[in-house]
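Each remark here refers to the structure printed beneath this line.
The values are calculated or read from the model by the stated rules, or taken from the named source; none is laboratory data. Keep in mind it's a predicted model, so treat the numbers as computed, not measured. Don't worry about glycine lacking a Cβ; one is built from the backbone with ideal geometry, like all the others, and counts go over all protein chains shown.
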Amino acid sequence: MNTFGNNFAITTFGESHGAAIGVVVDGCPSGIELSEDDINLDLARRAPSGSVSSTTRREADLAQIVSGVYNGRTTGTPITILIQNTDVRSTDYDKFAKIFRPGHADFTYHHKYGNRDHRGGGRASGRETAARVAAGAVAKKYLQSISKIDIFGYVTLAGDKKATSFDRDFIDSNPFRTADREMAADLEGYLAGIRAEGNSVGGVVELCIDGTPIGLGEPVFDKLDARLAYAFMGIPAVKGVEIGDGFAVAGLRGSENNDQITSTGFLSNHAGGVLGGISTGQRIFARIAVKPTPSIAIPQRSIDLDGNELDITVGGRHDVFIAPRIVPVVEAMAYIVLADFWRIYA
């Protein structure tokens, strides 16, 4: 399926090296102020930073609203957003038309669909996430028109480099989207060394959601934390999600893990702002594990369409460290999930 959501739903379309990518947003109410500039601000945050960690592919990523907005406000009908692909180099991928790249979706897409678009990974490319960021911008405009919702993410781990301090104002002031100034200073040289090796590294993104009311989410099969985890796991390169203290709770006793309650509120937030699948009104926080970019210049073993073994290296333009560019994607998916739940009560 290419559609996410029920009451506020998005459908993305397009491939990495096709003419364009885009998204249809259905369920946004009428009367919300929305412009292409609103969307482009978030698209710019997802774009390559120009740092040692990012790809040299330079897409303009300018949103074109082709339906659902009139005189600067949403009409309540489906909003279609188009983003042209303007910097493709499909010849970089010619040699992979009949070869499976390790760590990519080539193998599974071929066996599931047969007619695989090998150019830049086609539909499986991280390029598709620009459409999600565009949809997230719409969700954010809707939520901020009716609430004080605030969602922000940042990088806490890059390979073996770990954040030890937090300064929110610094997050969008550095290409690595960390809230730790010392970590950012270390990463330039560290990632330059990784690139020189022809390798890549993974990382961790942490997400905070403030301003949610008590009561978002449904019991049993449509829990708020389950939907958030589902949304994050659907992002390319994401391999793990924790809500609240996550896996750390396995080593705690009940007396340590329970968030005790007083007349003035909770005494802790190990649950990450969700109990029984329903928001508590506290900060919702999550950690998202991002795998290393699979396109590396180090020789690897693989097979071709006929099952012949061979050694390959993957050239082209790729991120050494993709986690910073996933931060706005994670934020966008969180806005979409919350907009979907909020529409139930609207």
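Of the residues making up region 3-19, just one is over 30 Å from Y345 (Cα atoms) and assigned to a strand (DSSP E or B), namely G14. Every listed requirement among (1) without any contact (Cβ under 8 Å) to a residue 40 or more places away in the chain; (2) over 19 Å from the mean Cα position of the chain (by Cα) is met by N174 save one, (2).
Could you list all residues from region 287-320 that are within 20 Å of the chain's Cα centre (by Cα) and not in a loop (DSSP other than H, G, I, E, B)? Let's see the steps before the verdict.
From region 287-320, those within 20 Å of the chain's Cα centre (by Cα) are 287-295, 317-320; that's our starting set.
Within region 287-320, R287, I288, A289, V290 qualify.
Spot the failing condition for N115; the list is (1) modelled with pLDDT under 95; (2) surrounded by fewer than 21 Cβ atoms within 10 Å (Cβ to Cβ); (3) assigned to a helix (DSSP H, G or I), and only one is missed. Only one criterion is unmet by N115, namely (3).
Out of P324, P328, P292, I need the residue that is surrounded by 15 or more Cβ atoms within 10 Å (Cβ to Cβ) and in contact with a Pro (Cβ under 9 Å, 6 or more places away or on another chain). Which one? The unique qualifying residue is P324.
Filtering G126, G103 for residues that are within 19 Å of A47 (Cβ to Cβ) and either at pLDDT below 95 or polar (S, T, N, Q) (or both) leaves a single hit, G126. Identify the residue in region 169-190 that is within 25 Å of M233 (Cα to Cα) and of a type outside the set (S, T, N, Q) and, among all such residues, is surrounded by the most Cβ atoms within 10 Å (Cβ to Cβ). Result: F176.
Rundown of residues vs (1) crowded, with 21+ Cβ neighbours inside 10 Å; (2) modelled with pLDDT under 95; (3) of a type in the set (S, T, Y), yes/no style:
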| position | (1), (2), (3) |
| --- | --- |
| V205 | yes, no, no |
| T212 | yes, no, yes |
| F221 | no, yes, no |
| G246 | no, no, no |
| T262 | no, no, yes |
| S268 | no, no, yes |
| Q282 | yes, no, no |
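A Cβ distance below 9 Å, combined with a sequence gap of six or more or placement on separate chains, defines the contacts here; from region 246-260, residues that are closer than 11 Å to A271 by Cα and β-branched (V, I, T) reach residues that are at pLDDT 95 or above and not in a loop (DSSP other than H, G, I, E, B) in the pairs V249/E256; V249/N257. The listed residues are L43, L62, and the only one of them that is at pLDDT 85 or above, surrounded by 20 or more Cβ atoms within 10 Å (Cβ to Cβ) and out of contact with any Leu (no Cβ under 7 Å at 6 or more places or on another chain) turns out to be L43.
Somewhere in region 155-170, is a residue farther than 25 Å from A105 by Cβ, assigned to a helix (DSSP H, G or I) and of a type in the set (V, I, T)? Within region 155-170, none of the residues are farther than 25 Å from A105 by Cβ, assigned to a helix (DSSP H, G or I) and of a type in the set (V, I, T). Residue count for region 191-203, restricted to those that are under 21 Å from the mean Cα position of the chain (by Cα) and surrounded by fewer than 22 Cβ atoms within 10 Å (Cβ to Cβ): 1.
Out of region 181-214, which residues are out of contact with any helix residue (DSSP H, G or I) (no Cβ under 8 Å at 6 or more places or on another chain) and in a loop (DSSP other than H, G, I, E, B)?
Matches in region 181-214: E197, G198, N199, G211, P213.
Considered as a group, the residues in region 132-142 that are out of contact with any Asp or Glu (no Cβ under 9 Å at 6 or more places or on another chain) and either free of Cβ contacts under 8 Å to residues at least 24 places away in the same chain or within 17 Å of V69 (Cα to Cα) (or both) include one that is surrounded by the fewest Cβ atoms within 10 Å (Cβ to Cβ), and that residue is Y142. What about A250, is it surrounded by 15 or more Cβ atoms within 10 Å (Cβ to Cβ) and assigned to a helix (DSSP H, G or I)? So A250 fails the test. Taking the criterion of being among the β-branched types (V, I, T), buried (at least 17 other Cβ atoms within 10 Å of the Cβ) and modelled with pLDDT of 95 or more, the residues of region 1-38 that qualify are I10, T11, T12, V23, V24, V25, I32. For region 24-39, a residue qualifies if it is among the β-branched types (V, I, T) and not in a strand (DSSP E or B), and the qualifying residues are I32, I39. Considering (1) modelled with pLDDT of 95 or more; (2) under 30 Å from Y345 (Cα atoms), the lone condition that D186 does not fulfil carries the number (2).
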